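The values are calculated or read from the model by the stated rules, or taken from the named source; none is laboratory data. No experiment lies behind these values; they were computed from the predicted model shown. Reconstructed Cβ throughout: ideal geometry from the backbone, glycine too, with neighbour counts over all protein chains shown. For the accessible areas, the whole protein counts, side chains as well, though only heavy atoms, and no ligand, DNA or RNA atoms are used. Shrake-Rupley method; radii C 1.70, N 1.55, O 1.52, S 1.80 Å.
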Amino acid sequence: SAYSSVVFNKNNLNVEAGGRWNDHSAYGNNFTYTFNPSYLINRKIKVFANASSAYKIPSLYQLYDPFAGNEELEPEESEIFEGGAEMFGRKIRVRVTGFYRKTDNAIQYITINPATFDGDYYNINSQKNYGVESEFHYQANKWNVHANYTFTKGEISSSYTESGMLLSKDTTYNNLYRVPENAVNVFAIYNLNQKLSFSGLIKYVR
């Protein structure tokens, strides 16, 4: 593999761009990129955007399992786009980011025999995830508070159900595995003195 990157700084503008080329004996050639511009306003507000790509190779089980493995599987390929703003203060820092991720060649187990549920893994799906992340940090006197909230939506376009059964036509349905649509975390520390502090954590997912 070969990797290169370029960084440009002028006044309050910062731009970084990079790319990596990989050659694999089983998966062939892959190229990934990153592009990250940002601009600082009055040293208090940073506006930024990120564009990048990635890929995920099949697992050894998906490739070589004697019953369901498929040695012809290709890597899953993704493109990720983010944009947002961050505000800095003497005591407070706030960050809001919107994101969008699209994955092609997503691997899914497909049922070939409905009677026995025998099947194989195939590159069959297209997935999309998008949402908003926000962060809040406050530190002053004896307090240190950090909170974040994430909203995520996901959908998949496929000719098969989530269990791998063939549909009559291509269908788009909700697809969030182990990822809550809403997630809130609040962590607070109160330092009574140099030897004693109290902390608490609140988590909410739905």
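Could you check region 1-45 for strands (runs of 3 or more DSSP E) lying wholly inside it with 3 or more residues that are touching a residue at least 40 places away in the same chain (Cβ under 8 Å), open to solvent by 50 Å² or more (accessible area, probe 1.4 Å) and within 16 Å of Gly84 (Cβ to Cβ)?
Where strands (runs of 3 or more DSSP E) fall fully within region 1-45, none carries at least 3 residues being touching a residue at least 40 places away in the same chain (Cβ under 8 Å), open to solvent by 50 Å² or more (accessible area, probe 1.4 Å) and within 16 Å of Gly84 (Cβ to Cβ).
Among the listed residues Ile80, Ile112, identify the single one that is aliphatic (A, V, I, L, M) and either in a loop (DSSP other than H, G, I, E, B) or at pLDDT below 95 (or both).
Matching residue, one of Ile80, Ile112: Ile112.
Quick one: count up the residues across region 89-116 that are exposed (fewer than 15 other Cβ atoms within 10 Å of the Cβ) and among the β-branched types (Val, Ile, Thr).
3
Quick one: in region 63-75, which of the residues that are open to solvent by 40 Å² or more (accessible area, probe 1.4 Å) and out of contact with any helix residue (DSSP H, G or I) (no Cβ under 7 Å at 6 or more places or on another chain) is nearest to Val145 (Cα to Cα)?
Glu74
Any idea which of (1) open to solvent by less than 50 Å² (accessible area, probe 1.4 Å); (2) under 15 Å from Asn125 (Cα atoms); (3) hydroxyl-bearing (Ser, Thr, Tyr) is the one Ser52 doesn't satisfy?
If we test Ser52 against (1) open to solvent by less than 50 Å² (accessible area, probe 1.4 Å); (2) under 15 Å from Asn125 (Cα atoms); (3) hydroxyl-bearing (Ser, Thr, Tyr), just (2) comes out false.
Considering only residues that are of a type in the set (Gly, Ala, Ser) and over 32 Å from the mean Cα position of the chain (by Cα), which ones fall in region 171-197?
Ser197
Among the candidates Ser168, Ser159, which residue alone is in a strand (DSSP E or B) and either surrounded by 14 or more Cβ atoms within 10 Å (Cβ to Cβ) or in contact with a strand residue (DSSP E or B) (Cβ under 8 Å, 6 or more places away or on another chain) (or both)?
It is Ser159.
When you scan region 58-107, how many residues do you find that are of a type in the set (D, E, K, R) and over 17 Å from Asn129 (Cα atoms)?
9
Would you say Tyr122 is within 21 Å of Glu82 (Cβ to Cβ), assigned to a strand (DSSP E or B) and either open to solvent by 70 Å² or more (accessible area, probe 1.4 Å) or in contact with a His (Cβ under 9 Å, 6 or more places away or on another chain) (or both)?
No; evaluated as a whole, the condition is false for this residue.
From Gln127, Gln139, which residue is buried (at least 16 other Cβ atoms within 10 Å of the Cβ) and of a type in the set (S, T, N, Q)?
So the residue among Gln127, Gln139 that is buried (at least 16 other Cβ atoms within 10 Å of the Cβ) and of a type in the set (S, T, N, Q) is Gln127.
So is Val145 of a type in the set (A, V, I, L, M), at pLDDT 90 or above and either open to solvent by less than 50 Å² (accessible area, probe 1.4 Å) or outside any strand (DSSP E or B) (or both) or not?
When the stated conditions are applied, Val145 passes them.
Here are some conditions: (1) open to solvent by 50 Å² or more (accessible area, probe 1.4 Å); (2) part of a loop (DSSP other than H, G, I, E, B). Leu176 meets all but one. Which one does it not meet?
(1)
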